[in-house]
Amino acid sequence: MLTLIRFEMKKMLGRRVALAVNLGVIVMLLGIMALNVLQTNANNAAGDLLSGTEAIASTRQRREAKAGVLTVEKITADIAAYQERVFSQIDRAQMAELTDGAAYDLVAATYGPKAPYELCDPYYTFLFRPWHLSGEAPYQTAARITAEDAAAYYDAVANLTQATMDQSLTWAYTPTERAFWTDLQGQVAEPLAYGYAGGWDNIVNCFAFLVFPLLAICVTLTPVFAGEYQDGTDAVLLSCRWGRGRLAAAKILAALAYATAYYVAGAAIICGFSLFFYGAGGADLPIQNYDLSSPYPLTCGLAALICLGLMYLATLGVAGLTLLMSARTRSTLTVLVADVAIVFITGLIPSGGNAVIAHILSLFPLGFPAFSTLFSSLTDYPLGPAVLDLITVVALVYALLAAVCTPLAARSFRRHQVA
Amino acid sequence: MELVIDRLTKHFGPKIAVDRLSYAFSPGVYGLLGANGAGKTTLMRMVCDVLRPTSGEIRLDGTPVRALGERYRARLGYLPQDFGYYPDFSARDFMEYLAALKGLPRDDARRRSGELLELVGLAGEKRAKIRTFSGGMKQRLGIAQAVLNDPAILVLDEPTAGLDPKERVRFRNLIARLAQDKIVLLSTHIVSDVAYIADEILMMRAGSLVLAGTPDEITSAVAGKVWEAQVDARTADALSAALTVGNVRYAEDERAVVRFVADSLDEARAAAAQAHGAADGGQAAFSPVTPTLEDLYLYTFRDEAARGAAQPPAAGKRTRRGGHFKR
Ligand SMILES: Nc1ncnc2c1ncn2[C@@H]1O[C@H](COP(=O)(O)OP(=O)(O)OP(=O)(O)O)[C@@H](O)[C@H]1O
Ligand SMILES: [Mg+2]
């Protein structure tokens, strides 16, 4: 059996196209991740625009400087201190009236040109999120936050979930769905901790690039069965003792082993770059550090793991589908075109504001891989009395796809007729 | 050991490729002859369990092979017609891969692959990629893989296609050597290939067996129907058009020796006469010769050739009536 698996691997990876695509995608991923580091930009507190590792270091240093557990006392005190600082020389009521540009000018004129940057520390952006209006700087938001607001901070955080549901233009949440999300949000532990989890954050932001390895896997697996039919090797294989039994199993095992190894290689590149350059700390911080409106009681490390796990399931699912198509058609081109359609074309279709279409598109390999889609868009799939969130549905869909398609592929090959 | 084919039938839509074919094979070499499209490949695929019959069954020592499954295939060796190779595999990889598929233990696989590559004259190229092989080398590799598992039933679909004369001789000897206690079924269009080594000849036409027997037995069926005539070149052409002609040898003096099969000599005389007017045709010297398997083949398939020749004019007529040609 091992010999068969070894030869199947050799066949799969020996093809020039497969070899070129596999190497090409690895090189591309390395390139993407290198650029991802080099092109990171950030302003430091002094307002200088930094890039690359310097930008990363600055962001890290700024977040770590403010790291801590956000008890209501600390929040109240921090908000009061911030307001004190900003409104010592600026009239609070006046600030609330200004446009974004005018507010910036006023802060710069009053406290010097570097002050807006210092006052835009990521901590305050994070902290003022419940009252933040689009486009505002923290010093504008601060003008509207009252002491009562600050004291009821975690109620305001919980309200973000309600607001997301209320403000949805396309999806009318039923009471069951509302209860589901409200419940979930209720499980977010209080007080939250603030800090730096840049490496994990970067994994979550970059795991969508794993669709490239996914496609390379499709290209490699396309000829596993169809290639035998196309090249006319099926007659000899199927007439052999193990041709209809172990061979099908060996092919599937080789395919899945390769797909797993290649996926791991791709994921290792993304994780390696992220954790090495952005730091591996902060895995146990809550994901609300990325987006306070997320209702998920998860840590940053776990969220990264979920992302990678979903993408792995998607890889196995699409690999299974590819194998099934490969076992049922003689044309490798057909399989490849179908794969590209499933993986890429679905990412280009606009939902046109139609919630049902958007819900379906969200399940495809280019649909779900984004932090906001998965963790804060509150996309759910009501299933009778049950409500399944996007993460669960994506996992189920692809696990099911793999579990159904893979054995069917083996069965199709076993029943293949040479004619 | 007995392999029985029982009313085996394969339909491809309305097309009947193999039509209720029955035969019992015991160890020996069977040469399967038949025109293109006669159904040889289809029959062999069914024997090799890679194509499911529409009806009928194959039994090995009384047990249907479908029930035997893997145990049947373990005793099978198959060289398909137009068979694909893995261009990036070396000859040795290819052999070891198939050995694994055939369930040979690893050490046996090594040893047997080496021996067989030696036997088919590929020992020197065992590390070379198959993409660098000539057609004949691939064919030899195909033969080698077919016998890897020392099969009890060896099915070779046009094994000599693409082999040069020296290799053909070598192949014939190889088969003769390997054939002991085996059922060897081989198809070919090269009648002389089987004439030497086949214990029995099976002739297929339109999906059915039309003749079966030892070469001597079945060639006796055309005894007295094979002739040679020494005629001038024009008459030779006329005979070729009208009769089932085998060899035509042109001599230096513009005369030709025509070998043909015909039910009666009158038929031949008439054809010759038509070519020239009665004068010369009647005088052509016709002499009976000893029939060979090739003569039998030509005799058996003489209608097929005639039908093939008749079709194009008919098609042409239809086209003209349709007005595609200017008058
Ligand atoms: N997959 C198929 N679909 C439809 N018809 C087929 C198929 N395979 C074979 N046939 C038909 O069945 C008949 C028998 O074909 P087969 O290949 O068995 O002939 P053959 O005797 O091996 O011919 P050749 O000497 O050319 O190899 C032919 O008329 C062919 O057209
Ligand atoms: Mg054939």
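The values are calculated or read from the model by the stated rules, or taken from the named source; none is laboratory data. As the structure is a computational prediction, the values presented were derived from the model and not from experiment. Cβ sites come from the backbone with ideal geometry, for glycine too, and all protein chains shown count toward neighbours. Protein only, heavy atoms only, side chains kept; ligands, DNA and RNA dropped before computing areas. Shrake-Rupley method; radii C 1.70, N 1.55, O 1.52, S 1.80 Å.
Near A:Lys11, which lysines are there with a Cα under 21 Å away, not counting those fewer than 8 places off in the same chain?
A:Lys251, B:Lys102, B:Lys126, B:Lys129, B:Lys138
Can you pull out the buried accessible area for chains A and B, both sides counted, probe 1.4 Å, rounded to the nearest 100 Å²?
Working: alone 18790 and 16870 Å², together 32940 Å².
It comes to approximately 2700 Å² buried between A and B.
Going by accessible area, probe 1.4 Å, with all protein chains left in place, what is the ranking of B:Ile190, A:Ile5, B:Ile130, largest first? Present the calculation step by step, with values, prior to reporting the outcome.
Details: B:Ile190 55, A:Ile5 30, B:Ile130 0 Å².
Result of the area sort, largest leading: B:Ile190, A:Ile5, B:Ile130.
Could you state the angle between the C-alpha long axis of helix A:52-65 and the longest principal axis of the C-alpha atoms of chain A, as a value from 0 to 90 degrees rounded to the nearest 10?
Tilt relative to chain A: about 50 degrees.
Evaluate E = 1/(1 + (r/R0)^6) for A:Ser331 and A:Ala109, where r is the Cβ-Cβ distance and R0 equals 45 Å; express this FRET efficiency to the nearest 0.05.
Given R0 = 45 Å and the Cβ-Cβ separation, E is 0.05.
Run the 1.4 Å probe and let me know the accessible area of B:Met44, rounded to the nearest 10 Å².
0
Grab the Cα-Cα distance for A:Asn159 and A:Met1, subtract it from 0.36 nm times how many residues apart they are, and report the gain in nm with one decimal.
Details: separation 158, 0.36 × 158 = 56.88 nm, distance 5.79 nm.
Here the answer is 51.1 nm.
What is the ratio of the Cα radius of gyration of segment A:63-171 to 2.2 N^0.38 Å, with N the residue count, to two decimals? Please list the in-between numbers first.
Working: Rg = 14.5 Å, N = 109, 2.2 N^0.38 = 13.1 Å.
For segment A:63-171, the normalised Cα radius of gyration is 1.11.
On a 0 to 90° scale, report how tilted helix A:246-278 is relative to the longest principal axis of chain A, with both axes built from alpha carbons and the result rounded to the nearest 10.
20
Other chains near A:222-234: what is the mean number of their Cβ atoms within 10 Å of each residue's Cβ?
On the way: counts 0, 0, 0, 0, 0, 2, 2, 1, 1, 5, 6, 5, 4.
Partner-chain Cβ atoms within 10 Å, mean over residues of A:222-234: 2.
Quick one: Cα centre-to-centre distance for segment A:349-408 and segment A:256-277, in angstrom?
Segment A:349-408 and segment A:256-277 have Cα centres spaced 23 Å from each other.
To the nearest whole number, what is the average tally of beta carbon atoms from other chains within 10 Å of the beta carbons of peptide B:85-94?
Working: counts 4, 9, 4, 7, 4, 0, 0, 0, 4, 1.
Across the residues of B:85-94, the mean count of other-chain Cβ atoms within 10 Å is 3.
For chain A, what does the relative contact order come out to in percent, with C-alpha contacts under 8 Å and a separation of six or more?
Computed value for chain A: 20 percent relative contact order.
For segment B:100-137 and segment A:56-103, write down the distance between their C-alpha centroids in whole Å.
Value for the Cα centre distance between the two parts: 77 Å.
Pairing the Cα long axis of helix B:135-146 with the longest principal axis of chain B, what angle in degrees results, from 0 to 90 and rounded to the nearest 10?
The two axes meet at around 50 degrees.
Quote the accessible area belonging to A:His132 in square angstrom, nearest 10, computed with a 1.4 Å probe and with ligands, DNA and RNA left uncounted.
70
Quick one: if the Förster radius is 35 Å, what FRET efficiency do A:Ala280 and A:Thr71 give, using the C-beta to C-beta distance and rounding to 0.05?
With R0 = 35 Å, the Cβ-Cβ based efficiency is 0.85.
Over the alpha-carbon set of the protein assembly as shown, work out the extent along each principal axis and list the three values in angstrom, largest first.
134, 72, 52
Debye calculation, C-alpha points only, no solvent: report log10 I(q)/I(0) for chain A at q = 0.06, 0.12, 0.13 Å⁻¹, in the same order as the q values.
Computed log10 I(q)/I(0) values: -0.33, -1.02, -1.14.
Which whole number gives the average, over all residues in B:66-72, of C-beta atoms from other chains lying within 10 Å of the residue C-beta? It would help to have the intermediate numbers written out before the result.
Numbers: counts 0, 0, 0, 3, 7, 1, 2.
For this peptide, the per-residue mean of nearby foreign Cβ atoms is 2.
Go through segment A:366-381 residue by residue and turn each phi into a ³J(HN,Hα) via Karplus (6.51, -1.76, 1.60, θ = phi - 60°); whole Hz please, and just put x for glycine and proline.
9, x, 8, x, 7, 4, 5, 4, 6, 10, 9, 7, 6, 7, 9, 10
Would you compute the Debye intensity of segment A:339-379 from its alpha-carbon atoms alone, equal scatterers and no solvent, and pass along log10 I(q)/I(0) at q = 0.17, 0.31, 0.33 Å⁻¹ to two decimals?
-0.42, -1.11, -1.16
With θ set to phi - 60°, apply the Karplus curve 6.51 cos²θ - 1.76 cosθ + 1.60 along segment B:203-216 and write out the HN-Hα couplings as whole Hz, x wherever there is a Gly or Pro.
10, 10, 9, 6, x, 10, 7, 9, 8, 8, x, 5, x, 5
When only the heavy atoms of the protein chains count and the probe is 1.4 Å, how do A:Leu408, B:Leu202 rank by accessible area, highest first?
Largest accessible area first, the list is A:Leu408, B:Leu202.
Amide H of B:Val210 versus every other amide H placed in the peptide plane: which residues, excluding those fewer than 5 positions away on the same chain, fall under 5 Å?
The list, which skips near neighbours in sequence, is B:Met203, B:Met204, B:Arg205.
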